[in-house]
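To start, the structure under review is shown below, and the notes come after it.
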Amino acid sequence: MLKKLALSIAMMMTMVLPTKSEAMPEIMPVEHIRNGMSGTAYTVVENSGEIEPFHVDIIGLIDNGKGSSKMIMAKASGRVIDKTGGVLQGMSGSPIYVDGKLVGALAAGLKEMSPYTFFITPIESMLPMWELPDPKAENKYLKKNVMPKKDEPTPEEKKEPEKESEPEKISEPEKISEPEKNPEPEKNPEPEKNPEPEKISESKGGLFFSGFDSNGVDFLEREFKSLGMKNFYVASGFSEGYTIDYNATLEPGSPVGVAVVYGDFSVGATGTVTAVDGKKILGFGHSFTHAGNVNFFMTDASIIGTISGTDGAGIKVSKIGNIIGRVNQDREAGIAGILGKFPSVVPITINVTNKHLNKSESYSASIAYNENLIPKLGAAIAYSALSKTADSLSESTVVVDFGIKTNAVEGGKIERQNMFYNSSDVGQVAVLELLQALSLVCSNTDVESDIFAIDVNMTLDNERKTASLVSAVPDRPKVKPGETVNLTVQLRPYRQKEETIVIPYTVPITMKAGPLTLDVHGGALVPLAQLLANAGFITEANEPARDYREKITGFLKTGKNNELVVEPGGVVEPQDEKELKKEIKRAKKAQEKAKKMGIKLEKAPAESKVDTGYIIDNVVHATIDIDKI
């Protein structure tokens with residue numbers, strides 16, 4: 001099992017000796033690009049990690065109109081391209097040089113056309129990312145949980161007395177001999193005129209998952225498609241354990257990874273480094289999630305091999321490795337990041353017990369702090385952990401108990417327990433409340449709420465734990481306002497003997513004399529009066545809009561599936577302000593009269609609740625007479 005990032009850094013980090021630093025080469029502006037120019041691109045396609053060149057012919061410029069960046073159309077050839085069968089997904093970001101000057105990054109291919117033609121994002125469009133504001137760099141609360149404090153040396157650095165040598169400037173990759181230009185195979189003719197804009201494909205990249213089973217991947221695909229990610233692959237593996245490389249270096253053409261989750265469950269993408277300037281890097285040549293200023297893991301990556309495909313569908317199979325820095329910009333032109341600076345994260349721990357198979361598993365991961373992703377990723381991780389441990393989610397009952405450590409509420413923690421049953425896939429419904437709770441925490445319109453940790457415990461039972469109510473009988477027919485009546489409730493569990501539960505109900509002190517119908521139901525069932533209120537037929541006078549914390553409180557008070565609830569039934573008629581004042585006056589008189597008679601009036605809510613071991617699936621009714629005080 002992977003360790004939490006919150007564990008001792010000294011025990012889990014991987015140290016790499018410092019190597020030479022990279023410096024930015026001279027660039028070639030777009031206006032200097034001409035049809036017929038030749039250049040060289042650099043990338044890694046084998047597990048040796050060697051950066052290899054391939055030949056590039058410039059075809060022309062494409063102007064996408066006002067407000068859009070220009071793209072450079074080009075054609076790839078050479079030994080590397082012959083070996084891979086064309087430009088592959090994962091080559092995104094590969095730097096392209098003409099006359100030793102950096103032109104830009106390989107970015108996109110042609111949909112349903114030759115895999116040899118591609119488009120280049122000009123370096124001029126990428127460089128501004130280094131100068132953009134980075135407000136997410138100052139997350140005040142999480143660096144202490146995961147990474148060393150700002151400017152704090154690592155334990156190994158403290159032991160190293162030698163002074164670091166001055167960075168040595170490395171000549172740009174044109175020092176690698178350029179391969180001879182290979183003629184294009186006749187069987188792969190290239191179009192000589194610019195294609196229609198709609199023929200330009202999605203970016204040459206995809207989203208990689210590790211640790212998720214097929215159910216978890218399906219869940220994440222649905223969520224991530226809303227962010228514009230359309231290509232999904234299950235990675236062959238991520239690094240074993242949490243490893244942090246504080247002295248990592250990258251060079252143009254090296255593979256690089258971006259991850260939003262890291263641990264027993266990982267989600268990310270790999271591409272290629274376009275440019276390096278000291279600790280700053282540019283890569284991909286296209287967006288990852290196009291989320292702007294971000295807080296993602298930057299990792300090194302390794303290439304396993306390549307898979308050729310038709311219509312430009314080939315890929316470089318790769319995996320992310322050590323955490324080496326933070327990606328802080330995710331823009332149309334690519335990604336930007338900083339080596340040695342690390343993201344704020346939310347640790348998540350999932351414990352699953354399978355009573356049927358008599359086994360338990362624990363999982364942990366860290367989610368890069370992003371309010372749009374935390375709810376989706378938290379729910380997906382919980383769902384996949386349950387699915388993997390269960391090995392079957394059909395006809396199952398699950399008890400979910402989660403806690404969210406956050407400053408969004410007084411006491412610093414949101415806790416919720418509920419029971420769920422489904423005949424086909426209980427995991428889909430079991431994680432919805434976790435998704436809802438995290439979404440509420442991340443929806444504060446005043447300030448960003450901190451989330452310090454997410455802990456989820458799930459107990460799976462392959463039996464059906466549902467029950468239907470048979471009857472509810474009060475222990476006396478007449479009750480005064482403020483007094484308590486005990487209801488004996490008969491319930492029939494699925495394919496088991498009937499059981500009896502006694503639940504007390506205290507009559508509100510404002511209740512009028514006369515007959516009162518009580519609804520007895522499961523917590524998940526909404527009575528008619530509440531449905532009408534939600535639909536707007538019943539309103540409270542001058543009801544204020546609920547603030548952020550009230551929404552969370554309301555969520556926590558929501559009835560649970562395995563609760564037995566007693567509350568007044570029927571439809572409550574709307575009351576105007578005059579009628580409400582009259583009710584308040586009557587209630588005060590009832591209180592005073594009860595006090596004089598020595599009757600203790602309890603301040604009780606309008607409903608009573610008690611937990612059961614079953615999901616209650618229906619409603620029954622009981623009637624009592626409210627006596628005058």
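All but one of (1) over 30 Å from M71 (Cα atoms); (2) crowded, with 22+ Cβ neighbours inside 10 Å; (3) more than 19 Å from the chain's Cα centre (by Cα) hold for K341; which doesn't?
(2)
If we scan region 544-557, do we find a residue that is within 28 Å of L491 (Cα to Cα), of a type in the set (D, E, K, R) and either crowded, with 17+ Cβ neighbours inside 10 Å or at pLDDT 65 or above (or both)?
Yes: one or more hits.
From L377, L357, which residue is in contact (Cβ under 8 Å) with a residue 24 or more places away in the chain and either in a strand (DSSP E or B) or open to solvent by less than 20 Å² (accessible area, probe 1.4 Å) (or both)?
L377
Mind checking which strands (runs of 3 or more DSSP E) fall wholly inside region 384-490 and carry at least 2 residues that are within 30 Å of I626 (Cα to Cα)?
Hits in region 384-490: 466-474.
Could you check, for region 47-64, whether at least one of its residues is assigned to a strand (DSSP E or B), open to solvent by less than 10 Å² (accessible area, probe 1.4 Å) and within 20 Å of F288 (Cα to Cα)?
Scanning region 47-64, I find no residue that is assigned to a strand (DSSP E or B), open to solvent by less than 10 Å² (accessible area, probe 1.4 Å) and within 20 Å of F288 (Cα to Cα), so the answer is no.
This table checks each residue for (1) in contact with a helix residue (DSSP H, G or I) (Cβ under 7 Å, 6 or more places away or on another chain); (2) assigned to a helix (DSSP H, G or I); (3) modelled with pLDDT of 85 or more.
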position: F224; (1), (2), (3): no, yes, no
position: S236; (1), (2), (3): no, no, no
position: T249; (1), (2), (3): no, no, yes
position: A275; (1), (2), (3): yes, no, yes
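How about region 434-492: which of its residues are among the basic types (K, R) and either within 37 Å of the chain's Cα centre (by Cα) or farther than 23 Å from L525 by Cβ (or both)?
Scanning region 434-492 gives R464, K465, R476, K478, K480.
Would you check if there is a residue in region 97-112 being of a type in the set (D, E), at positive phi and either modelled with pLDDT of 90 or more or in a helix (DSSP H, G or I) (or both)?
Looking through region 97-112, at least one residue is of a type in the set (D, E), at positive phi and either modelled with pLDDT of 90 or more or in a helix (DSSP H, G or I) (or both).
Are there any pairs, at least 6 apart or on different chains, whose C-beta atoms fall under 7 Å, with the first in region 89-100 and touching a residue at least 24 places away in the same chain (Cβ under 8 Å) and of a type in the set (A, V, I, L, M) and the second assigned to a loop (DSSP other than H, G, I, E, B) and crowded, with 24+ Cβ neighbours inside 10 Å, and if so, which?
Note: pairs meeting the criteria are M91/K204.
Across region 494-522, what is the total count of residues that are open to solvent by 30 Å² or more (accessible area, probe 1.4 Å) and among the aromatic types (F, W, Y)?
Count: 1.
Mind listing whichever residues of region 43-88 are under 33 Å from the mean Cα position of the chain (by Cα) and closer than 17 Å to H286 by Cα?
Once the filter is applied, which keeps residues that are under 33 Å from the mean Cα position of the chain (by Cα) and closer than 17 Å to H286 by Cα, region 43-88 yields T43, N64, G67, S68, S69, K70, M71, V87, L88.
Could you identify the single residue in F402, F452 that is among the aromatic types (F, W, Y) and without any contact (Cβ under 8 Å) to a residue 60 or more places away in the chain? Even if it seems obvious, please write down each step before you answer.
Values: F452 fails: without any contact (Cβ under 8 Å) to a residue 60 or more places away in the chain.
Only one candidate qualifies: F402.
Residues in region 276-287: is at least one farther than 25 Å from P25 by Cβ and either buried (at least 20 other Cβ atoms within 10 Å of the Cβ) or among the hydroxyl-bearing types (S, T, Y) (or both)?
Checked region 276-287: no residue is farther than 25 Å from P25 by Cβ and either buried (at least 20 other Cβ atoms within 10 Å of the Cβ) or among the hydroxyl-bearing types (S, T, Y) (or both).
I need the full set of residues from region 405-443 which are open to solvent by 30 Å² or more (accessible area, probe 1.4 Å), in contact (Cβ under 8 Å) with a residue 40 or more places away in the chain and of a type in the set (K, R), in order please.
Scanning region 405-443 gives a single hit, K405.
Determine whether region 291-310 contains at least one residue that is open to solvent by less than 20 Å² (accessible area, probe 1.4 Å), farther than 21 Å from T243 by Cα and modelled with pLDDT of 95 or more.
No, that holds for no residue.
For residues that are at pLDDT below 80 and of a type in the set (S, T, N, Q), scanning just region 12-39, find the one that is surrounded by the fewest Cβ atoms within 10 Å (Cβ to Cβ).
In the first step, residues of region 12-39 are kept if they are at pLDDT below 80; the result is 12-23.
Then drop every residue that is not of a type in the set (S, T, N, Q), which leaves 14, 19, 21.
Numbers: T14: 18, T19: 13, S21: 17.
Restricting to residues being at pLDDT below 80 and of a type in the set (S, T, N, Q), the top hit is T19.
Taking the condition within 30 Å of R464 (Cα to Cα) and open to solvent by less than 10 Å² (accessible area, probe 1.4 Å), does T389 pass?
So T389 passes the test.
Mind listing whichever residues of region 339-369 are touching a strand residue (DSSP E or B) at 6+ places or on another chain (Cβ under 6 Å) and among the polar types (S, T, N, Q)?
Within region 339-369, S344, T349, N351, T353, N354, S360, S362, S364, S366 meet the criteria.
The values are calculated or read from the model by the stated rules, or taken from the named source; none is laboratory data. Values in this document were obtained by computation on a predicted structure and should not be read as measured data. Reconstructed Cβ throughout: ideal geometry from the backbone, glycine too, with neighbour counts over all protein chains shown. The protein model used for the area step is the full one, side chains on, heavy atoms only, and it has no ligands, DNA or RNA in it. Shrake-Rupley method; radii C 1.70, N 1.55, O 1.52, S 1.80 Å.
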